[in-house]
Each structure stands twice: as C-alpha cells, then as structure tokens.
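What follows is a single structure, written as structure tokens, with notes after it.
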Amino acid sequence: MRLYKAELYKIYSKKIFVFGALAVSTIMLLYFSIFVINAQTTINDVKYTGYQAIQMDREITKEFEGVLTDEKVTQIIEKYGFPNGVSQRRNEFLDKNFLNNFVMCEFSDGYFHGWDDYHVGTLTYPIAETELGKASESVGKPIVLEYSYGWTVFNRVLETGCLLALPFILLALSPIFSEERHINMRQILFTTKEGKTTDVTAKILAGMTVAVGAYAVIFVLNLGLVWLVFGLDGGDCLYKWVMEENYVRTWNNYHNISTMFIKDFILLAIGFSFLGIVEAAAITLYFSAHSASPFQAVIISALCLIAPVCFSTFGRGNYNSILYIAGQLFNVFLLGLAVMSFIPTFSNKKCQFIVQALCCILPLTVGIYFRRKFPFYYTLPFLLIITEAYGDIDILLTYYPWIRGAISLFVIATSVVFVICSHKKYRTL
C-alpha cells in the first residue's frame, strides 16, 4: 500500500497531470454549456432560451407523459401547432418546442433538412402507419413520451469526455516505467527488497487507478450535470427518436439499435467506453515498459491508437487491400507483439527470431480467417468510445447474437495480456 500510494503521488503530482485534468474538465463543462445556452423553445408564441427553455419543455411534456396514442398526437398539435419559422442563421425551426417538433419529425408530413429544404407540417398520420409505429409494434415495445433530451446530451458529453481522456491517459501513464529507465533509476530501484516485485505491481495498479478514476470523474460529472439541468426522465423511450436519427433501421425485422430503450443504449455506451479507457491504459503501460523515454512511449502509444483508424479510413474503398486489412487487424498484431514477452531467451538467435515471428504471424493468420465473422476493428479504444460505431456492430447482431459479449471479452483479455506483459517486460529489462 505504501508503494502504491507513492506511485499514485508520482503521477498526480506532475504538472502535466494537473493541467491535463483541468483541460479535460473545462472542455467538458464548456461543451455541456453549449447544449444549455443553445436551448430554445416556443410555447404559446412566447420564446424561451437557455435553462428556462429546458425547464419549460420539461413542464409541458409532463401533461402528455406515458404511452403515446393518436389522441395525444392530435392534442399536441391542436395545442402548440406545427413549427414553421425558419432562419438562415439557425438550422432548425425557430418556433418549435420539444413536443411539436417530436410529432412533426415522427408522425406528420413535415420535415426540416435545412433552412432552404423544409416542409411545414399540415397533417398527422396514425401512429400505426408511421415507421416508428411499425417498428414499435414489430418489437412489442410501446412508444413512450417523456422528456428524454437529457440522455442525448449525456451520450454526447460522455463520448467527448472519453475522447479527451485518451490523450490525457497517454500523457499521464507513459512515464510510469519509461521515466525511470530514461533517468537510469531502474537499476537502483531493483536493488531494493521490493523493487522487482511489489514496486512493479504498484506502478501498474496506480496507472489503472488513474485511468479508472478519470473515467469515474467524467461519468459522475456528466451524470450530475444532466440530472441537475435536464433530468433523467425518458429511459423507456426508443433510441431512434431520442438520438434524433433520420430513419428507422429495418433490418432484423426492426430488432436493432433503433428500437432499443435509450436506457439500454446508455448502459451499453457506459460499458464500452469504460472498456475503451481501460484498454488504452493497458496499451500505454505496455509501451511505457518497452520504451527508453516517456516521449517515445507517448508517440508509440498514440500511433498504435490512431494508425488503425487511419488505415481503415484510407483503405475503405477496397476491403481486400492490405491497408484496410492492416487497420482491421491492428489490435490482433499488437496482441501478438505482446505475447512475444513470454518467449524465453534462446542461445540460438535464429530460433528465437523464428519463434517471435510466429507470435505475430499466427494471431494475424487467425485474424484474417475470422475477420468477416468477428469485428476485431471495433475492439480498438477509439471505436469503443464512438457510439456511431455501435450501429455497425448492431448489424452483426443479426447473424451473431453473441457479438457484443465477445467484443467485451476480447477487450478484457487483451487488456489483461498487455498488463501482464508490461509487468514481465519491465522486470526482465
């Protein structure tokens, strides 16, 4: 415990940690405030903005809360009318509120695709004849009307906060092993009684504590702000209209992400983003143990997180190109690279080289064989955080119902391997 506390102190006493934590928190707060400042609603020809607009939308929604019916749809339009005012400076109807905008988007002939491409609603459709109504009936989930905008904000702020946490974790954890090697302190530490065992474990525990702690702060801060300003109603609303998608996904007979309860989607986002943060921390610790300086550890870790995304993006036109396949299987290659740490030292250098090469080639061979059945690409930290990627994973659920659990298990196993290999490598340097 003494060494663990000492390693924690070494991390959070650095200026880069303090400034990084302040930067992430500040940007998150500013991003959240944008949703509050830009909020506006019009109720009975009276316009409200900011925090007051949010509270007014919450208040008018209470009257119609519960399972949505055709009668409620009609009553909302009779009471508030269809939104119709437009402006080039604001890419939405100016006189909308939470209720009439929802009805216009989902149950009427109105739409808004831009200030010069819109149609003011003139009539409403029976719920059963709309795409959302058909999806609801098909999956047996009622369309529940509650003020759910808070979950939209929560998801976007959580995603942004976790993306900001990635470089913060790289900068905070990269020096854990590499700094002592850089200033030639490692040999001195290893001469102590606890140097090669307890101290290395304490470093890893401290690093993972920082990563988990950073995620916990982001989550709690985000949830607290949303709760105070927007409320946490709407958990039983469907993903499609809460996340403001333009269409209902129809594959698998509507049993897909469009018809998920938003509370289930948020739990999925919380779990996947947490795994993404933990995996990023494990990769950073691994390269910190292999690097001769903190700068080198930061650069290599950053490249390993960014490169596969770039490879897949540039090679997306040809799914059989080497560049695209490299991006899809980069995580498998890193896993093979990590396993090389378990290879003992041979007297015959050629044999050792062959065995080490096999550690990289065999996982890649397995990855190439299974790449059309298992989305290795979506086990990268960046893709686990970006919620738009969940839609691609959702398509695979049609054929492989176990895919989300398999992704989670693969990420956990990969993170454990990276941590073990960083421990083993640093001890044997």
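The values are calculated or read from the model by the stated rules, or taken from the named source; none is laboratory data. For clarity, every value in this text was computed on a predicted model and none was experimentally measured. Note: ideal-geometry Cβ built from the backbone for every residue, glycine included; neighbour counts use all protein chains shown. Side chains included, ligands, DNA and RNA excluded: accessible areas come from the protein's heavy atoms. Shrake-Rupley method; radii C 1.70, N 1.55, O 1.52, S 1.80 Å.
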Once both labels are modelled 7 Å past Cα along the beta-carbon direction, what's the residue 109-residue 212 spacing in nm? 5.8
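Which of the pairs 47/240; 263/373; 79/134; 79/240 have their Cα atoms more than 31 Å apart in this structure? Mind dumping the intermediate values first?
Numbers: 47/240 27 Å; 263/373 28 Å; 79/134 26 Å; 79/240 25 Å.
Where the Cα-Cα span goes over 31 Å, no listed pair is concerned, since all stay within it.
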Among the DSSP H helices of the chain, those whose Cα atoms extend at least 18 Å along the helix axis and whose mean Kyte-Doolittle hydropathy is 0.5 or higher are 15-37, 149-173, 198-229, 262-290, 294-314, 349-370, 403-428
For the chain, what is the per residue volume of the convex hull drawn over the alpha-carbon atoms, in cubic angstrom? 162
Quick query: amide H of residue 148 versus all other amide H atoms, modeled in the peptide plane; which residues come in under 5 Å with a sequence gap of 5 or more or a different chain? none
Each label sits 7 Å from Cα toward the beta-carbon; between residue 46 and residue 30 the label points are separated, in nm, by 3.5
To make sure I understand the rule: partners must be lysines, Cα under 27 Å from the Cα of residue 350, and not fewer than 8 residues away in the same chain. Which ones qualify? 424, 425
Round to a whole number: what % of the accessible area of the chain belongs to carbon and sulfur, probe 1.4 Å? 64
Would you mind telling me which residue in 353, 112, 418 has the biggest mean-square fluctuation in a Gaussian network model of the chain, where springs connect alpha carbons within a distance under 10 angstrom? 353
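For the chain, what is the relative contact order in percent, using Cα pairs closer than 8 Å and at least 6 residues apart in sequence?
Answer for the chain is 16 percent.
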Starting from the amide H of residue 118, placed 1.01 Å from N in the peptide plane, find each other amide H under 5 Å away whose residue is 5 or more places distant or on another chain. 113
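In square angstrom, what is the accessible area per residue of the chain with a 1.4 angstrom probe?
Value returned for the chain: 48 Å² of accessible area per residue.
Quick one: ranking 361, 37 by accessible area, 1.4 Å probe, largest first, what do you get?
Numbers: 361 90, 37 120 Å².
Final ranking, largest accessible area leading: 37, 361.
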Chymotrypsin sites (Phe, Trp or Tyr not before Pro) restricted to the stretch 209-267 and DSSP loop, no more than 11 other C-beta within 10 Å: 247
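Do any GluC sites (Glu not before Pro) in the stretch 229-325 lie in a loop, going by DSSP, with at most 12 other beta-carbon atoms within 10 Å of their beta carbon, and if so which?
Here the sparse-neighbourhood loop sites are 244.
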Taking 1 over the mean of 1/r across every pair of different Cα atoms in the stretch 357-405, what Kirkwood radius in Å do you get? 11.9
Could you tell me which trypsin sites (Lys or Arg not before Pro) in the stretch 247-356 are loop residues by DSSP with no more than 16 other beta carbons within 10 angstrom of their beta carbon? 316
Relative contact order, percent, of the stretch 308-429 when contacts are C-alpha pairs under 8 Å separated by at least 6 residues? 25
